[in-house]
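To start, the structure under review is shown below, and the notes come after it.
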2 protein chains.
Amino acid sequence: MHPSLLQDSVRGCPKEIPHNEKLLSLKYESLDYDNSENQLFLEEERRMSFLGFKCLEISRWVICGLIGFLTGLIACCIDIAVENLAGVKYYVVKQNIEKFTEVGGLSISLILWAVLNSAFVMVGAVIVAFFEPGAAGSGIPQIKCYLNGVKIPRVVRLKTLVVKVCGVICSVAGGLAVGKEGPMIHSGAVVAAGVSQGRSTSLKKDFKIFEYFRRDTEKRDFVSAGAAAGVSAAFGAPVGGVLFSLEEGASFWNQMLTWRIFFASMISTFTLNFFLSIYNNKPGDLSSPGLINFGRFESDVSVCLLLSSPKPCVISLSTVCLVLNPVFSVYRVYVHRPCLQVMEAMLVAPLGPDQSEDYPLQKLCLTLWGGGTNKMSPVGHIFVCLLFLWELLLFCADGEYNSMATAFFNTPERSVRSLFHNPPGSYNPLTLSLFTLTYFFLACWTYGLTVSAGVFIPSLLIGAAWGRLFGILLAVWAVPGKYALMGAAAQLGGIVRMTLSLTVIMVEATGNVTYGLPIMLVLLTAKIVGDYFVEGLYDIHIKLQSVPFLHLEAPATSHWLTAREVMGAPVTCFNRIEKVGTIVDVLSNTSTNHNGFPVVMPVAICGLILRSQLIVLLKHKVFVELARSRLTQRKLQLKDFRDAYPRFPPIQSIHVSQDERECMMDLTEFMNPTPYTVPQETSLPRVFKLFRALGLRHLVVVDSENRVVGLVTRKDLARYHLGKHGLEEMQLAQT
Amino acid sequence: MHPSLLQDSVRGCPKEIPHNEKLLSLKYESLDYDNSENQLFLEEERRMSFLGFKCLEISRWVICGLIGFLTGLIACCIDIAVENLAGVKYYVVKQNIEKFTEVGGLSISLILWAVLNSAFVMVGAVIVAFFEPGAAGSGIPQIKCYLNGVKIPRVVRLKTLVVKVCGVICSVAGGLAVGKEGPMIHSGAVVAAGVSQGRSTSLKKDFKIFEYFRRDTEKRDFVSAGAAAGVSAAFGAPVGGVLFSLEEGASFWNQMLTWRIFFASMISTFTLNFFLSIYNNKPGDLSSPGLINFGRFESDVSVCLLLSSPKPCVISLSTVCLVLNPVFSVYRVYVHRPCLQVMEAMLVAPLGPDQSEDYPLQKLCLTLWGGGTNKMSPVGHIFVCLLFLWELLLFCADGEYNSMATAFFNTPERSVRSLFHNPPGSYNPLTLSLFTLTYFFLACWTYGLTVSAGVFIPSLLIGAAWGRLFGILLAVWAVPGKYALMGAAAQLGGIVRMTLSLTVIMVEATGNVTYGLPIMLVLLTAKIVGDYFVEGLYDIHIKLQSVPFLHLEAPATSHWLTAREVMGAPVTCFNRIEKVGTIVDVLSNTSTNHNGFPVVMPVAICGLILRSQLIVLLKHKVFVELARSRLTQRKLQLKDFRDAYPRFPPIQSIHVSQDERECMMDLTEFMNPTPYTVPQETSLPRVFKLFRALGLRHLVVVDSENRVVGLVTRKDLARYHLGKHGLEEMQLAQT
């Protein structure tokens, strides 16, 4: 049996992920973005009036509005929760400092601060590691995979959302070098997947609405909208959100869909803006369109900035970061027990920068030990150095403004803004470079911890820091703040390798359109240079998890491959009227866990039926003999399939008696009678194009008499990729 | 014979266009966005090394850069030429006024002014009407059709570009109520189609470069880039340009393509900016990113503006405009002789507003007759009224600031900016409403004149005027300038019905991201209300020309139709080894002007061959007998097909002797061996999706034994549309 036709034998959440980029895992199932246009479906569509379609269209808009609203609300909650938790933390530490300063016990305050940080991070890490490991990280790679058509287990469940939101609040409040922007994308996607289905399987609550949308095709569209709404809420960038969704997900451009996605994004940023304005006691002001705000860049772009912006050194750091990150990820293979994961997270926590809103600690430290508001005595330094390795970095000459401390003790969002907007001369080049390096290694380590956290803000901060450094060294041409912006764009672009969407997000976040061209040039350079060395961070993580991810086009040099070479053969086919026993045996065979079966009559293909459909049929005992004997039996409807979606029961849970095994099943009504087929001679790029453009899951390969000779699935196409020495074929792994 | 398989019997430029939206013309050929992957093609691809593909990729980038550069340059030339021509015009009129004022001959000056305007417009109309009728209008509907896959004759030729550029210079300098922005999109597309082919068929010059790109698939990608570069140069909106291209053209989202399109757009706006800055003696300033500049909106959006922006009345005017426009278009059926067209254009010219840069005429008129700089005596009014009907509108009470005159005598671009930014109280509501109405009827009449001109600027101006009017009446909430912006967006959106791209264009042109949400709400309202009454302007014009335009999805209620009902049958098939005489006879049959022929062996389908391929084969006499007798004969290569592209000779020009008619032709090497096929039972939406997603031209319908039973082409799908009473089928017309 061809290995590509095999599926995961043990379903459910993966415990062990093969960390090997040369393998392609077979445990991932695909989503089916091609409607199974069987008789039931066609009958329903034909029954529906024009008005019915209008109502469906209106429900789609309503759902998108809801998605935007809820995503904005979640973003708002995260922001407020982080602010308040951090506030409590600082209140406690401040009280402690004031109490113990007289008796020389400042070290206690610092330890208290570290303990509080660790406690927050511990809570965040515990819920992620023990309750829902799928909520770790930013979730963007998972959403990319989902939109690409791979079913990542548990990625769009309610529990994941809850753990993700609580986790991100804890890790940001705990002072890790992470951002709260990335997880918003995942949160938006989960909201979308939940709202659009009109029910919660986890809560066992069915609202009996939106039943029409209970299939992969429709759900995918809403998940795109949710991801876009997440980006929009995170950066106040609705257009950027739409482009992110399109870049990552939608392969087929649909004007109405795009417009709906845009609507969700707009509602999302507006909701966030509205509620945050009320929270900040400035209702009607609408000054917080996103979780992060770069501040307004008033001055326009000059030619000089344009010419100097795509500096090659732009790339070095992000590439190093990407090389380092897999190293951390691979070492994490050994940290795969939840307890170890929590401990690691707690270890990193006290090293993280201070996330306070009014940084009392920094001010107090400076005041108490330095003798002046912005000065620091050497004694203070040594003391701090002994307490924390990081504080070494606070070293600076007497009387110098300690920009380093500012950068380290501020929230990353504020630090980014300071780096962008502070007047020339605010930062000392030496401290800035020290800051860049330390924060850089810290961020590399932090990303991939078992906590919910994003990589956007740390990347922007690192980029802004060394961009500013570069600007200071080049100070002849432009103000260093602009270089900080370019550096931030370059660093983020080098790490995530997004193109158009990132340009638009950056432009929307800065609020000045004239920065589009330099940002685009910087991102282009970052992408070209970065691609030369290593793939983007998300792609690396997708590869490490051995996900069969389909890129947009087949590898350039794959024209010599044809469907005959790539397809899986022989194929298990069913007759149009098949014995129940045969079906049960095939479905129960764990070594050949197929998901799609061509239906033949007598040898030519006449349809395609899915495992999930067969399971519903078996469950409802739709057998020819029973239909004859019990004439009153209710005819199976599309509703029965929708009710079982998306968690179809395994074949083992369905009991089929020995008598029933001898019955026959008529698949005519339920199979897709017009599956897409290709001849054996079709070239791989052509197969790829058909497969990708239509979002297929199974593509039947036939000979000149329409007999089934093979079946092409996602894994057969994903395993070819361009390596250093031309076309390479990845191995398929069972796990 | 099924009518949908028929093609135009008389090729070339259409003389008579059927003005009927219930018909679908058969004279338009389709473009083939699906590669014919025949043996020659596959051999070439397989021969090519990885390095070869890299080089191709680099050439694509180079071409996109060139497209952007040339488009920006053309925009720059148009701008400078218009400015200088208008300058000359005003210099002459001013001289005349100064000379004749003493002798009371001011009427002569006004007549001179009208004559000069008419002269400019005459030149513009003459070149369009007599040399290249395809250059009339903005060209956006034509580019939409091209990107959709319809071959509009002569739309991307060099001659069209030259006439278009000269035409737009003349009509704008001649003072018509038109803009120079729309034609930029067409110009960019022609530039792209020319540059990417590395040769000019018109100039009979072949640079022997970019030969790989000589096919519809590749050319389409570059034309998208050109259109985007045009939008970008016109509005200084590179992201908006990309979105325009995607919204109108690309059905399949390709990340690298999008990025290249973005590159072309960026280069285009930068080139324009750079050269205009030099022209304006401000090199390095980069303050003119587009032909139009809305000025900077500094203040942010408030909730009040947000809530009041989607006003329903927004739509009324644009809908009236769209209802009026077809009326004008239909009456133009009777103005189809070039002389009449030129005369009509000349008639409209003197009615148009004054396009001067420093409006000396307006100032002089006001000064001489009004006794004061901003006042006007009633005597002056009466005189002006007698001379020109329009001047009636300049009526205003003594001592009142004549905002009307300002609006009318200024360039439209400047008027738009004044309406956006002038402080509250600058405009009198009465004059503003008079201006709106007159300019509105003028614009309706002007669009569709036989001149090259765009509809963007007049729409923006009308919208800004009545938006400002609305703002004045509602003055409690926000400054009227913001309402002018919303009105402009609503009017333009109601007319062109673009969605995401227009939002982004408006945001990029205003340079303030916070206006995104209200603009989007306004556009959404405009689209929903507008769609209820009538289609968008471009769609109306496409329908009036009976173009078989494929929308993104099949009509919602078309599930009851299957491939069997929509396909054309019977189909003319060829055998794999076919007699030359048969081929020549089939190709020469003017009543069945097929373009694609399934190849069968013996009855099952084994390939698909195009008319253009057969013509090249016949021209090179690729006959089995000749190959045997003359062993040294050069083997036909892909190059021979590329050299003939895109103007394949008609079959009549190829001489085949009586002996040769008895020869045989082996089509194996040249046919596409793996055409896409569907079974007869496939539903129309499924056929539609396959056809549209892959950009097909012919889709073969087969039975269960793979025998050809029909052929689906563009017309078979385009003729079904949703009317008032459900699904309607359009008639097919030979013309």
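The numbered conditions (1) in contact with a strand residue (DSSP E or B) (Cβ under 6 Å, 6 or more places away or on another chain); (2) surrounded by fewer than 20 Cβ atoms within 10 Å (Cβ to Cβ); (3) modelled with pLDDT of 90 or more; (4) of a type outside the set (S, T, N, Q) are all true for B:GLU662 except (1).
Among what's in the range A:234-273 and is touching a Phe, Trp or Tyr at 6+ places or on another chain (Cβ under 7 Å) and over 23 Å from A:CYS76 (Cα atoms), pick the residue that is modelled with the highest pLDDT. Looking at the filtered set, the residue picked out is A:LEU246.
Output yes when any residue across the range B:290-300 is modelled with pLDDT of 80 or more, at the interface with chain A (Cβ under 9 Å from one of its Cβ atoms) and surrounded by fewer than 19 Cβ atoms within 10 Å (Cβ to Cβ), and no when none is. Within the range B:290-300 (the criterion being modelled with pLDDT of 80 or more, at the interface with chain A (Cβ under 9 Å from one of its Cβ atoms) and surrounded by fewer than 19 Cβ atoms within 10 Å (Cβ to Cβ)), the answer is no, since none of the residues qualifies. If you go through the range A:666-721 and keep only what is of a type outside the set (Lys, Arg), surrounded by fewer than 22 Cβ atoms within 10 Å (Cβ to Cβ) and within 13 Å of A:LEU561 (Cβ to Cβ), you end up with A:GLN680, A:GLU681, A:PRO685, A:TYR720, A:HIS721. Within the range B:209-228, the set of residues being part of a loop (DSSP other than H, G, I, E, B) and in contact with a Gly (Cβ under 7 Å, 6 or more places away or on another chain) comprises B:ILE209, B:PHE210.
Across the range B:600-612, the number of residues qualifying as under 37 Å from the mean Cα position of the chain (by Cα) and either polar (S, T, N, Q) or not in a helix (DSSP H, G or I) (or both) comes to 5. Taken together, the residues in the range B:229-240 that are part of a helix (DSSP H, G or I), within 11 Å of another protein chain (Cβ to nearest Cβ) and either surrounded by fewer than 24 Cβ atoms within 10 Å (Cβ to Cβ) or not aromatic (Phe, Trp, Tyr) (or both) amount to 4.
Is it true that B:LEU636 is buried (at least 20 other Cβ atoms within 10 Å of the Cβ) and either out of contact with any strand residue (DSSP E or B) (no Cβ under 7 Å at 6 or more places or on another chain) or among the small types (Gly, Ala, Ser) (or both)? So B:LEU636 fails the test.
Being within 20 Å of the chain's Cα centre (by Cα), within 14 Å of another protein chain (Cβ to nearest Cβ) and among the polar types (S, T, N, Q) holds for only one residue in A:THR446, A:THR503, A:THR514, and it is A:THR503.
Just for the range A:711-735: of the residues that are touching a residue at least 40 places away in the same chain (Cβ under 8 Å) and within 14 Å of chain B (Cβ to nearest Cβ), which one is farthest from the chain's Cα centre (by Cα)? I'd like the intermediate steps shown before the answer.
Taking the range A:711-735 and keeping what is touching a residue at least 40 places away in the same chain (Cβ under 8 Å), we get A:711-722, A:726-727, A:730-735.
Subset that is within 14 Å of chain B (Cβ to nearest Cβ): A:712, A:720-722, A:726-727.
Values: A:VAL712: 27, A:TYR720: 24, A:HIS721: 23, A:LEU722: 24, A:GLY726: 30, A:LEU727: 28 Å.
Result: A:GLY726.
Contact map, the range A:550-573: first residue closer than 24 Å to A:PRO598 by Cβ, second residue small (Gly, Ala, Ser) and assigned to a helix (DSSP H, G or I), Cβ cut-off under 8 Å, separation 6 or more or different chains; pairs are A:LEU550/A:ALA718; A:GLY568/A:SER4.
Select, from B:LYS89, B:LYS27, B:LYS54, the only residue that is over 30 Å from B:ILE169 (Cα atoms) and either part of a loop (DSSP other than H, G, I, E, B) or in contact (Cβ under 8 Å) with a residue 24 or more places away in the chain (or both). Spell out the reasoning first.
On the way: B:LYS89 fails: over 30 Å from B:ILE169 (Cα atoms); B:LYS54 fails: either part of a loop (DSSP other than H, G, I, E, B) or in contact (Cβ under 8 Å) with a residue 24 or more places away in the chain (or both).
It is B:LYS27.
Kindly establish whether B:GLY249 is away from chain A (no Cβ under 11 Å), within 15 Å of the chain's Cα centre (by Cα) and touching a residue at least 60 places away in the same chain (Cβ under 8 Å). Step through it out loud before you land on a result.
On the way: away from chain A (no Cβ under 11 Å): no; within 15 Å of the chain's Cα centre (by Cα): yes; touching a residue at least 60 places away in the same chain (Cβ under 8 Å): yes.
Against the criterion (away from chain A (no Cβ under 11 Å), within 15 Å of the chain's Cα centre (by Cα) and touching a residue at least 60 places away in the same chain (Cβ under 8 Å)), B:GLY249 does not qualify.
The residue of the range B:651-678 that is nearest to the other protein chains (Cβ to nearest Cβ), among those that are outside any loop (DSSP other than H, G, I, E, B) and of a type in the set (Ser, Thr, Tyr), is B:THR677.
Those residues that are in contact with a strand residue (DSSP E or B) (Cβ under 8 Å, 6 or more places away or on another chain) and not in a helix (DSSP H, G or I), I need them from the range A:176-193; list them, please. A:VAL178, A:GLY179, A:LYS180, A:GLU181 - these are the residues of the range A:176-193 that are in contact with a strand residue (DSSP E or B) (Cβ under 8 Å, 6 or more places away or on another chain) and not in a helix (DSSP H, G or I).
Restricting attention to helices (runs of 4 or more DSSP H) lying wholly within the range A:441-510, give those where 2 or more residues are out of contact with any helix residue (DSSP H, G or I) (no Cβ under 6 Å at 6 or more places or on another chain), within 26 Å of A:GLY137 (Cβ to Cβ) and among the aromatic types (Phe, Trp, Tyr).
Per the criteria, no element qualifies.
Taking each residue of the range A:184-213 that is touching a residue at least 12 places away in the same chain (Cβ under 8 Å) and surrounded by 24 or more Cβ atoms within 10 Å (Cβ to Cβ) and looking for partners that are aromatic (Phe, Trp, Tyr) and part of a loop (DSSP other than H, G, I, E, B) with beta-carbon atoms closer than 7 Å, six or more apart or interchain, yields A:SER196/A:PHE210; A:GLN197/A:PHE210.
Of note, A:PHE549 satisfies the criterion of being in a loop (DSSP other than H, G, I, E, B) and at pLDDT 85 or above. Scanning the range B:34-48 for residues that are farther than 16 Å from B:PRO673 by Cα and within 9 Å of another protein chain (Cβ to nearest Cβ) yields B:ARG46, B:MET48. Scanning the range A:682-695 for residues that are in a loop (DSSP other than H, G, I, E, B) and in contact with a helix residue (DSSP H, G or I) (Cβ under 7 Å, 6 or more places away or on another chain) gives a single hit, A:THR682.
Residue check: is B:LEU690 within 11 Å of another protein chain (Cβ to nearest Cβ), at pLDDT 90 or above and over 22 Å from B:THR572 (Cβ atoms)? Taking the combined requirement at face value, the residue satisfies it.
The values are calculated or read from the model by the stated rules, or taken from the named source; none is laboratory data. From a predicted model like this one, the values you see are computed outputs, not experimental measurements. Reconstructed Cβ throughout: ideal geometry from the backbone, glycine too, with neighbour counts over all protein chains shown.
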